Amino acid sequence: MSASERPSQRRASARTAVVWEALEQALGHPGAYDGQSARILDVGGGTGGFAVRLAELGHRVTVVDPSPDALAALSRRAREVGVEVTGLQGDLSDLSSLVEDSTDGPVDVVLCHGVLEVVEDPAAALATIREVLRPGGFLSLLVAGRHAAVVARAMAGHFPQALALLSDAPTQGRTAPTNLARFTAEEAEELVAGAGFEVVSIHGIRVFADLVPGSLLDLEPGATAALVELERAVAERPEYLPLATQLHLLAR
């Protein structure tokens, strides 16, 4: 990591490094896609935090997002680095028709990061995603973890919210305390398998990254690299999954 990177970039790197490595491993899997590049659909991809970087790697990326402002920011971001990313306004309910109209067939990879938390029916959302993926295609799913949210609320003194999160029902979508559905690893795996996917891997994301003071990463030389290494070390250890702010599942 370059010392010239801004503090926000260092923190983002610590939070997303494990997800990126899992994605790169999936894209490197034999038969992951045909030709020189994968057809990737980023559902709810917003301003292109993942999409632009994937386009820089040579992949054909389409972002579907309901926000015109986010899509405008995506377009600017892509132009700044000299890549092409297709932005389409819509949501999961429009997905099948959008993909049919704008791509040359089923896609190789779907990113669904931070979306299941805000839909009314997560199972139906996954079923829709499965329809647009080609046979053998990959799903990259990132969802909020429930146990870590309980701890975070309690440490902030929001004890009623922490208590309410203990009994959230993620299969019923948005919840009153936070307006987000949150998942345990078991719930996320069951939901994905129930939609007809085979779970390839599950990683705990941001096990420690959200607990480390930002000033430490900003001021201590080598701290971000050491934190990333620690996140890698615990990402697949089941005993640390409950501590993860997010859970990342790769499935096909």
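The values are calculated or read from the model by the stated rules, or taken from the named source; none is laboratory data. Because the structure is a prediction, the values reported are computed rather than measured. Note that each Cβ is placed from the backbone with ideal geometry, even for glycine, and that neighbours are counted across all protein chains shown. All accessible areas refer to the heavy atoms of the entire protein, side chains included, with ligands and DNA or RNA removed. Shrake-Rupley method; radii C 1.70, N 1.55, O 1.52, S 1.80 Å.
General observations
- Neighbours of residue 81, meaning other residues whose beta-carbon lies under 14 angstrom from its beta-carbon, give a summed charge of +1 when Lys and Arg score +1 and Asp and Glu score -1.
- These residues, 237, 182, 206, go from largest to smallest accessible area, 1.4 Å probe, as 237, 206, 182.
- Counting only protein heavy atoms and a 1.4 Å probe, the stretch 91-172 has 45 square angstrom of accessible area per residue.
- Hz values of 3J(HN,Hα) by residue in the stretch 134-149 - Karplus curve (6.51, -1.76, 1.60), Gly and Pro given as x: 6, x, x, x, 9, 10, 10, 10, 10, 10, 6, x, 6, 4, 5, 5
- Each principal axis of the stretch 1-149 carries a Cα extent, and these read 44, 40, 34 Å when sorted largest first.
- Equivalent ellipsoid semi-axes - Cα gyration tensor, the stretch 18-101, angstrom: 21, 16, 12
- Entry note: the stretch 98-171 has Rg to Rh equal to 1.15, where both radii use alpha-carbon atoms and Rh is the Kirkwood radius.
- Answer label for P(r) over Cα pairs in 5 Å bins from 0, in percent (calculated), chosen among (1) 1, 6, 13, 16, 19, 18, 14, 8, 3, 1, 0; (2) 1, 6, 14, 20, 21, 19, 13, 5, 1, 0; (3) 1, 6, 13, 16, 16, 14, 11, 9, 7, 4, 2, 1, 0, 0: (1)
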